[in-house]
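Bear in mind these aren't lab numbers, they're just calculated from the coordinates by the rules spelled out. Remember, it's a predicted structure, so these values are computed and weren't measured experimentally. Here the Cβ positions follow ideal geometry from the backbone for every residue, glycine too, while neighbour counts run over all protein chains shown.
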Amino acid sequence: MEARLTSVVVYPFKGAAGIAVDAAEIRVTGLATGGVADREWMAVDRDGRFVSQREFPRLALVRPAIEDGRLVLSAQGLAPLALAADAPAPAREVTVWNSQVRGFDAGDDAARWLSSAIASDVRIVRFDPATGRFESFPSDRPRANVRQMAGRAGEAWGAESGTDRLVVVPYGR
């Protein structure tokens, strides 16, 4: 079987539009480009629960760009919002699906900007890269594991350790 990669799209703000890129760095936590990681930023509600286009379809109208290592968000009728990963920010616990993770709140100005862009009361949070968690699944090859990078319920999709193969591993069935 031959696989061919024809395009790469990163989504630095979870739930917003993607950015087509010519190249991306592969990190333990996923893809990164221009110093910004894929799905590094997200919107959360008042309770700290991540929200997506499922609840707020207007997130699709938020356009990210990467400039000088910062994430810059644009939306019609608003001045662009620049977010720097190294900006001091208070830590807070957030819920992504069923996982509790630590993030850094981007502040009141950023919250007002996104709340205005999607017409709902939300805040912007950046994942704490030091607390990234992944599940590991045994592969069908000796001494190799698959770290979950993507998937859906009952499947882990990812790169197998020690090889150059991408695999889908069923689990919990």
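Within a Cβ distance under 14 Å of Ala16, other residues only, what is the Lys/Arg minus Asp/Glu net charge?
Local charge sum for Ala16: +3.
Give, as a single signed number, the net charge of other residues whose beta carbon lies under 10 Å from the beta carbon of Pro80, with Lys and Arg counted +1 and Asp and Glu -1.
0
Taking a label point 7 Å from the Cα of Arg58 along the Cα→Cβ vector, which residues of the stretch 8-31 have an amide N closer than 16 Å to it?
16-17
Determine the gain in length on full extension of the stretch Asp68-Ala84; use 0.36 nm per residue of separation and subtract their C-alpha separation, reporting nm with one decimal.
So the chain would gain 4.8 nm between Asp68 and Ala84.
In Å and from the alpha-carbon atoms only, list the Rg and Dmax of the stretch 8-131.
For the stretch 8-131, the Cα radius of gyration and maximum Cα-Cα distance read 13.3, 37 Å.
Ranking request for peptides 12-24, 74-86, 29-41: highest mean number of other beta-carbon atoms within 10 Å first, then the rest in descending order. Walk me through the numbers on the way to the answer.
On the way: 12-24: 17.5, 74-86: 13.8, 29-41: 19.9.
Highest to lowest by the protection proxy: 29-41, 12-24, 74-86.
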